[in-house]
Amino acid sequence: MITCEEFFVEFADYLENQVSLEVRQELELHLSQCRACRVLYDSSRKTIQILTDSRAFELPQAVSDPIIARVMTKLREDRD
């Protein structure tokens, strides 16, 4: 099984559904056995859902795309 650190390296790509089937299976196995990473995943997913589903937070794509890009870049930098 992969470690939490290895999970975090792939986390941003996993959230964006940009990992291979093999990597996805490894990450999901880790999630099924690691409470800390599962909490991180669930919290991130719920936050994304709230922000994208809520009219109160609706932003034009020209505004939201750069914000999303910066967040994903930061996640990828932190894993290196």
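Could you please find all residues in segment 21-40 being in contact (Cβ under 8 Å) with a residue 12 or more places away in the chain and within 12 Å of C4 (Cα to Cα)? Walk me through how you get there before you give the answer.
Kept after step one, since they are in contact (Cβ under 8 Å) with a residue 12 or more places away in the chain, are these residues of segment 21-40: 23, 26-27, 29-31, 33-34, 36-37, 40.
Within segment 21-40, E26, L27, L29, H30, L31, Q33, C34, A36, C37, L40 qualify.
Just checking, does segment 56-72 include any residue being closer than 18 Å to F11 by Cα, touching a residue at least 12 places away in the same chain (Cβ under 8 Å) and under 12 Å from the mean Cα position of the chain (by Cα)?
Yes, segment 56-72 contains at least one residue that is closer than 18 Å to F11 by Cα, touching a residue at least 12 places away in the same chain (Cβ under 8 Å) and under 12 Å from the mean Cα position of the chain (by Cα).
Here, each number is a calculation from the coordinates, and none is a lab measurement. None of these values were measured; they are calculated from a predicted model. Quick reminder, even Gly has a Cβ in these numbers, built from the backbone with ideal geometry, and neighbours come from all protein chains shown.
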